[in-house]
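What follows is a short report on a single structure.
The values are calculated or read from the model by the stated rules, or taken from the named source; none is laboratory data. Every value quoted in this text rests on a predicted model; they were computed, and no experiment measured them. Reconstructed Cβ throughout: ideal geometry from the backbone, glycine too, with neighbour counts over all protein chains shown. Side chains are part of the model used for accessible areas, which takes the heavy atoms of the whole protein and leaves out ligands, DNA and RNA. Shrake-Rupley method; radii C 1.70, N 1.55, O 1.52, S 1.80 Å.
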Amino acid sequence: MSSQPVVAIIGGTGLTQLEGPQIAAAHHLETPLGKPSGVVEAGDWNGCQVLFLARHGHPHAVPPHKINYRANLLALQELGATAIIAVNAVGGIHADMGAGKISVPHQLIDYTWGRESTFFDGEFRPLDHIDLTRPYDETLRQHLLAAAARIGQPVLDYGVYGATQGPRLETVAEINRMERDGCDLVGMTGMPEAALARELAIPYASLCLVVNPAAGRSDGEITMDDIRTVLADGMQRVRDIVAATLAGMKA
Ligand code: HPA
């Protein structure tokens with residue numbers, strides 16, 4: 001981590017804004033690969049320089065498969081991001097990952113399709129093959145886990161994130177297959193974001209809030225009302241962990 005960290009936070013469903021007093025500037029960028037999801041806010045949070053981008057825009061509008069992940073990552077790079085904390089609302093597959101649980105995933109499986117998923121496409125940049133053995137930056141993961149421990153927020157220190165196309169939720173058979181594959185969590189936005197961050201060599205880790213048991217992992221259907229209830233309380237805890245992480249990362 002550099003001595004002057006600039007920590008970018010990519011907010012997901014339920015976390016679409018920094019709190020007012022922390023914001024010093026709002027950047028409306030246009031990258032060579034198009035517009036990011038929205039304005040990038042810049043400011044200071046707990047002594048750390050931070051950037052904030054709402055992945056789905058604000059108000060929440062851009063569906064997961066239409067997010068311009070490449071423009072989002074390029075914009076954060078242009079503004080000097082030295083680390084990225086991604087916040088993701090997810091479904092829980094593993095029995096430990098009940099609604100309201102928070103996980104710092106350590107692995108992922110990509111089930112998405114048709115997304116612009118590389119900078120090294122032979123057009124924007126020449127073809128290259130990056131290593132993604134460990135998709136999440138271990139140092140940054142440890143910062144998140146240590147911060148959660150410091151403030152007494154229980155967090156699961158593992159999780160295999162399965163990235164699906166969305167915007168629909170999954171069938172029970174799809175979730176069963178994902179479980180057999182080894183997925184603990186299911187979300188729609190973890191990829192190509194993690195791979196693009198690696199392509200730009202920006203350390204990247206994710207804080208996942210489980211907002212519902214995945215399809216077939218509870219009685220009945222998944223309702224947006226249930227999800228909203230979990231989001232309201234859960235994202236405040238996520239925010240607290242991010243704040244503590246920044247305090248722990250400042251130079
Ligand atoms: N599936 C996929 N993405 C999600 C879910 C889910 O159950 N919940 C929140 N994001």
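Below are the figures for this structure:
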| quantity | calculated |
| --- | --- |
| Dipole-positive endmost among Leu127, Thr31, Gln49 within the range 6-242 (Cβ charges, Cα centre) | Gln49 |
| Two-site FRET efficiency, Glu19 against Val172, from Cβ-Cβ distance with R₀ of 41 Å, rounded to 0.05 | 0.55 |
| J(HN,Hα) series, the range 95-103, from Karplus relation 6.51 cos²θ - 1.76 cosθ + 1.60, nearest Hz, glycine and proline x | 4, 6, 9, x, 4, x, 6, 10, 10 |
| Charge dipole (debye, nearest 20) of the chain; +1 at Cβ of Lys and Arg, -1 at Cβ of Asp and Glu | 260 debye |
| 1.4 Å probe accessible area per residue over the chain, in Å² | 44 Å² |
| Karplus (6.51, -1.76, 1.60) ³J(HN,Hα), θ = phi - 60°, over the range 240-249, in Hz, Gly and Pro reported as x | 4, 5, 4, 4, 5, 5, 4, 4, x, 9 |
| Accessible surface of the chain, 1.4 Å probe, proportion on carbon and sulfur as whole % | 52 percent |
